[in-house]
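What follows is calculated from the coordinates using simple rules that are stated; it is not laboratory data. Remember, predicted model here, so these are calculated numbers, not experimental data. Using ideal geometry, Cβ is built from the backbone for each residue, glycine included, and neighbour counts are taken over all protein chains shown.
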Amino acid sequence: MENVIILGTGCAGFTAGIYTARANLRPLILEGKQPGGQLTTTSEVENFPGFPDGVDGFSLMDQLRKQATKFGARVEHAFVDRVDFSGEKKLLFAGDKKFEASAVIIATGAAPRLLGIPGEQEMYGGKGVTTCATCDGAFYRNMEVVVVGGGDSACEEALFLTRFCSKVTLIHRRDELRASRIMAERTIAHKKIEVVWDSAVQEVLPDEDGMARAITVKNLKTEEVTEICCKGVFIAIGHVPNTAPFKEILELDENGYLVPDSNSMVKTSIEGVYVAGDCADHVFRQAITAAGMGCQAAIEAERWLSEGM
Ligand code: NAP
């Protein structure tokens, strides 16, 4: 039986790996469908402390992996699809493989919801289509961009982008924003933001270098299709946390995010089971906050294990 199994190889998972490995727990980190997590889809990370010249997301995750394995963490590819936390031994199943652990740190992340339109995948991550203004906004200085969505995230992204971009067009499928009133009012009133209502993005169009140059948008009331020139397409239509195996085992909120115990950011209702990163955080969703939660979860797991040893 393992001391601790960590699910996920994003910032939260590897940070938990570094801390539990340095605590001599020989953690096993299980890598799922997106090795390295969401940062591997970002070209350059400029806001992770310690990298004044920026670092590309892939290299950063590679460094975290090296740091964790250097101290004795083991990484194995296994997509956990079922768990049983009812006994003292926590059981995890990946197809027909079975793992057993005293403690489990769930750091399975979240996947941004995408539109599923032509051009989106081809230009995603470095070619103009992105899901993170905080990560990529600064690359679009003095350029025209669009944001897709009508919730708080879309408004937040649009407002953030006004710091860099010459114009931000917010495209929403209905005639009112879902966002909180204050965010909606701020967004609509901003002189750099134009809102295109009742409209759905149909396609992202590339330039000759394969970078985004425009989108086509259909007005859902008039059916008129227009083209909007933009170098950046920021999709903010929500995230889908990777929490399916924990349904009915741990508390999830109405959007599927794991809900930590009320007096801790990382403990759950089951002793020895901890959460970290975007699978349990729909508010901050930053690499550094995920790393922070990974550290907290590791320290809690170590304390709990040492009490029982
Ligand atoms: P959200 O509230 O679920 O909003 C998603 C938006 O995307 C909605 O406007 C929705 O349109 C639109 N959408 C969904 N699927 C779409 C599709 N296929 N095509 C086009 N549009 C689509 O998600 P969120 O904005 O990420 O917020 C998630 C939670 O975090 C919310 O509770 C939010 O309040 C919170 N949050 C808070 C803050 C803050 O307080 N500063 C910041 C960010 C997020 P419809 O409106 O038509 O459904």
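Numbers for the structure displayed
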{"quantity": "Label zone at E307, where the point sits 7 Å out along the Cα-to-Cβ direction: the range 87-111 residues whose backbone N lies under 13 Å", "calculated": "none"}
{"quantity": "Percentage relative contact order, the chain, counting C-alpha pairs under 8 Å, at least six apart", "calculated": "21"}
{"quantity": "Average Cα contact separation per residue, the range 17-171, under 8 Å, 6 or more apart, as relative contact order %", "calculated": "19"}
{"quantity": "Sites D84 and R181, calculated FRET efficiency, Cβ-Cβ separation with R0 35 Å, nearest 0.05", "calculated": "0.20"}
{"quantity": "Local electrostatic count at K89 - Lys and Arg +1, Asp and Glu -1, tallied over other residues with Cβ under 12 Å", "calculated": "-2"}
{"quantity": "Around A138: net Lys/Arg minus Asp/Glu count, Cβ-Cβ under 14 Å", "calculated": "-2"}
{"quantity": "Sites D198 and E227, calculated FRET efficiency, Cβ-Cβ separation with R0 22 Å, nearest 0.05", "calculated": "0.80"}
{"quantity": "Extension gain (nm, one decimal) between R174 and D209, 0.36 nm per residue minus Cα-Cα", "calculated": "9.3 nm"}
{"quantity": "Sites matching trypsin sites (Lys or Arg not before Pro) across the range 211-309 that sit in DSSP coil, with at most 16 neighbouring C-beta atoms within 10 Å", "calculated": "K221, K247"}
{"quantity": "Qualifying trypsin sites (Lys or Arg not before Pro) in the range 112-158, DSSP loop, other Cβ atoms within 10 Å at most 10", "calculated": "R141"}
{"quantity": "Neighbour net charge for V240 - beta-carbon separation under 15 angstrom, K R +1, D E -1", "calculated": "0"}
{"quantity": "Relative contact order for the range 114-235, counting Cα pairs under 8 Å that sit 6 or more residues apart, in percent", "calculated": "31"}
{"quantity": "Cα-Cα over 32 Å, subset of K191/K247; K66/K90; K191/K267; K192/K221", "calculated": "K191/K247; K191/K267"}
